[in-house]
Amino acid sequence: MSRKSEHHGEVPPTAGLPLRRKDLGLPIGGADTNLAASLASFLGVEATQIECSGTAALVVALTALKRLAPERDEVIVPAYTCPLVALAVVHCGLKLYVCDLQVDTLDMDIAHLRRLCNSHTLAVVPTHLGGRVSDVTAALACARDVGAWTIEDAAQALGARVGADSVGTLGDIGFFSLAVGKGLSLFEGGVLVVRDPVLRKACLQASADTVPRRIGWELRRSLELLGYALLYDPAWMRWVYGRPLRKALRRGDWSSAAGDEFDLSIPLHRVGRWRQAVGIRALSRLPAFLAQGTAQAQRRRERIAGIVGVQVLEDSASVPGAAGVWPVLLLRLPTGASRDALLNASWGSGCGLSVPFARALPDYERYAHLVVPQPDENLSNARDWASRLVAISNSPWLDDARFENFCRTLAEHCERSG
Ligand SMILES: *Cc1c(COP(=O)(O)O)cnc(C)c1O
């Protein structure tokens, strides 16, 4: 539960909205359980669709598109992204192609994307990583040129906007995650937004046809949500997050430490009324929580900008009016060696330092086989990002004194490499 920051508590790796005891009551009536409608009004869209995870939302979207264009079977995702995205594509029986990133932004390398797009392409998946708004327009144009759809991965960007519009609404389909650590949480959950009403109906139909109810899964998620609500506290974080993290680090297993080791099979089930009611109550506090996070991030970006050699990632400069959200601050270090040294010094210290993902997709032992090999492409930018990025939590539990402490360690590692 939300308690004041304790100096020695464990800071969670991202700023998740803490639940309150009063969120956990049983639902009263109809509107009290219609999370889809509440999220539609929060996002400023006509309708949303609730699924049991961001991954499940992507599975449903791809299933709908596949039905509309059965001759298309290729999906293009950034080479540096959440491995669950790769699992969703393969789950749908589709071929996974990875696209390199740009040198200085996390957007897809458009020249590489153009080489990958063809008449077999079903969808392109531009991604708003770490709350940063990425440039969807260029990817959208590549997709349109070959008759493919665009699915915006806004899993980490609920609340991010471009002007008055939510991210996820520029492409054909967008999805958000309601997993632990992604802002608003139902422990696991996902949201689909679909611009075109015909495509929206197709997504609802795909879900109705392929997602079973499975009460057992919903019961399990309900208990997990209850545990999360009770233990999301600096004092308990050490047990839920810190201990498993340090165990993985002692093994030298950075992929587990980053939370990248997922079960290869994707649970698909319906989200029950109680979890939806919890989500609706918490959602009422989300705007204020995000505003507080933005203000904190603003101060901290300025502090880090004063450290020579570190780049704080901002929203894509080519998106006018972009206003992302700040679950973390993404930082690029001068070299892979300085990044690794910083992680060795501070990853296990409980200050909320982590990496978005441990590797580029083809470089995970666990996931390499999912990716269609491209012998002539080197993915050098994606690998460079994977080797130099860190994420520092923007949780309010990382207080100013500990943040300053982190900044000094960061500066030491950057100077050493300079
Ligand atoms: C977490 C995440 C997903 C998957 O969302 P889940 O709700 O965890 O299934 C997809 N893409 C990105 C970029 C993510 O961070």
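Note: relative contact order over the chain, using C-alpha pairs below 8 Å and six or more positions apart, is 26 percent. Which of the three applies to the chain, rounded, prolate or oblate, going by the alpha-carbon gyration tensor with a ≥ b ≥ c and a/c under 1.5 meaning rounded? Oblate. Between amide H atoms placed 1.01 Å from N, distances below 5 Å from Asp260 occur with no residue 5 or more places distant or on a separate chain. Taking all Cα pairs closer than 8 Å and separated by 6 or more residues, the relative contact order of the stretch 23-210 comes to 23 percent.
Sparsely packed loop sites in the stretch 363-418 (the GluC sites (Glu not before Pro) outside DSSP H, G, I, E and B with at most 13 other Cβ atoms within 10 Å) comprise Glu365. Each residue of the stretch 297-302 was assigned a 3J(HN,Hα) from its phi angle through the Karplus curve 6.51 cos²θ - 1.76 cosθ + 1.60 (θ = phi - 60°); the sequence is 4, 4, 5, 6, 4, 5 Hz, with glycine and proline shown as x. With a/c under 1.5 counting as rounded, go ahead and sort the stretch 1-105 into rounded, prolate or oblate using the C-alpha gyration tensor (a ≥ b ≥ c being the square roots of the eigenvalues; past the cut-off, prolate if a/b is larger than b/c, else oblate). Oblate shape, in that a/c is at least 1.5 and b/c is the bigger or equal ratio. With both labels modelled 7 Å from their Cα along Cα-to-Cβ, the Gln311 to Ser41 distance reads 4.2 nm.
Helical content alone sets the calculated 222 nm signal of the chain at -12000 deg cm²/dmol, taking -39,500 (n - 2.57) per DSSP H segment of four or more residues and averaging over every residue.
Packing order of peptides 223-234, 44-55, highest average first: 44-55, 223-234 (average count of other Cβ atoms within 10 Å over each peptide's residues). For Lys66, the lysines whose Cα falls under 25 Å of its own Cα, not counting residues fewer than eight places away in the same chain, are Lys95, Lys201. For the stretch 262-268, 3J(HN,Hα) computed residue by residue from phi via the Karplus equation (6.51, -1.76, 1.60; θ = phi - 60°) reads 9, 5, 6, 9, 9, x, 10 Hz, glycine and proline entered as x. When the trypsin sites (Lys or Arg not before Pro) in the stretch 332-402 are filtered for DSSP coil states and for at most 16 other beta-carbon atoms within 10 Å of their beta-carbon, the remaining sites are Arg366. Distance between Cα centroids, the stretch 246-305 to the stretch 118-197: provide it in whole Å. What the calculation gives is 17 Å, centre to centre. Which of Lys95, Lys247 has the fewest other C-beta atoms within 10 Å, and how do the rest follow up to the most? So the residues, fewest neighbours to most, are Lys247, Lys95.
First check a/c for the stretch 23-210, with a ≥ b ≥ c the square roots of the eigenvalues of its C-alpha gyration tensor; if it is under 1.5, answer rounded, and if not, answer prolate when a/b is larger than b/c or oblate otherwise. In terms of gyration-tensor shape, prolate. Comparing mean-square fluctuations of Ala277, Ala155, Ala288 from a GNM of the chain with C-alpha springs under 10 Å, the top value falls on Ala288.
Backbone amide hydrogens, once placed in the peptide plane, bring Ala322 within less than 5 Å of Gly163, excluding anything fewer than 5 places away on its chain. The lysines whose alpha-carbon is closer than 22 Å to the alpha-carbon of Lys22, local same-chain residues fewer than 8 away aside, are Lys4, Lys182. For Leu223 and Thr409, the FRET efficiency from 1/(1 + (r/R0)^6), where r spans their Cβ atoms and R0 equals 41 Å, is about 0.60.
In what sequence, highest mean first, do 303-310, 199-206 appear when ranked by Cβ atoms within 10 angstrom?
Going by the mean number of other Cβ atoms within 10 Å, highest first, we get 199-206, 303-310.
Listed from fewest to most Cβ neighbours within 10 Å, the set Asp104, Asp153 follows the order Asp104, Asp153.
Where a number appears in this text, it was derived from the coordinates with a stated rule and is not lab data. Owing to the predicted nature of the structure, the values given are computational and were not obtained by experimental measurement. Virtual Cβ from ideal backbone geometry, glycine too; neighbours counted across all protein chains shown.
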